[in-house]
1. Of the conditions (1) within 15 Å of residue 106 (Cβ to Cβ); (2) not in a helix (DSSP H, G or I), residue 72 clears all except one; give me its number.
2. Does the range 90-99 contain any residue that is surrounded by 13 or more Cβ atoms within 10 Å (Cβ to Cβ), in contact (Cβ under 8 Å) with a residue 40 or more places away in the chain and of a type outside the set (S, T, N, Q)?
3. Could you please find all residues in the range 56-69 being within 19 Å of residue 124 (Cα to Cα) and either of a type in the set (A, V, I, L, M) or at pLDDT 95 or above (or both)?
4. Out of (1) surrounded by 12 or more Cβ atoms within 10 Å (Cβ to Cβ); (2) modelled with pLDDT under 95, the odd one out for residue 72 is which?
5. Determine whether the range 33-44 contains at least one residue that is part of a loop (DSSP other than H, G, I, E, B), surrounded by 12 or more Cβ atoms within 10 Å (Cβ to Cβ) and modelled with pLDDT under 95.
Amino acid sequence: MSIPALHINRECTRIPASAPRRKPSVGRLLNSRGLISAYVSMSAKWFRFWKSAAKPVVVVYTREGCHLCDEAEQLLREHGLSPELIDIDDDPALVERYTDCVPVVVIDGKERFRGRVNEVLLRRLLTKGGRA
């Protein structure tokens, strides 16, 4: 007779190992022989790697007929990004905010470039250490 694998969470309640978990956690797993073995479902090191490997969300605020906007889009695509292009002329609030400084490049929710995109700084932002 085999003992079913159980997950023991931090509150010391037993949950079947096959039950879905809400979030990755550190815990113990009872194996088929009833022995407790420690495991980590997602370590901090793996999480940092996973976060750095994920493609950043890139938004470019543009305007029709803007040659700098075309250059910025081309440069972002050369670096493997797929930017979402938003025309500021469609929204009066965006026109008021960005009227003289398009293109504006937002990477992962942070405004990174106004006007021209600096390729060296873009490379630094996309490297493992610079994505923070």
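1. Residue 72 satisfies every listed condition except (2).
2. Within the range 90-99, not a single residue is surrounded by 13 or more Cβ atoms within 10 Å (Cβ to Cβ), in contact (Cβ under 8 Å) with a residue 40 or more places away in the chain and of a type outside the set (S, T, N, Q).
3. Selection gives 57, 58, 59, 60.
4. Answer for residue 72: the failing condition is (2).
5. yes
The values are calculated or read from the model by the stated rules, or taken from the named source; none is laboratory data. Since we're looking at a predicted model, the values are computed, not measured. We place every Cβ from the backbone using ideal geometry, glycine too, and count neighbours over all the protein chains shown.
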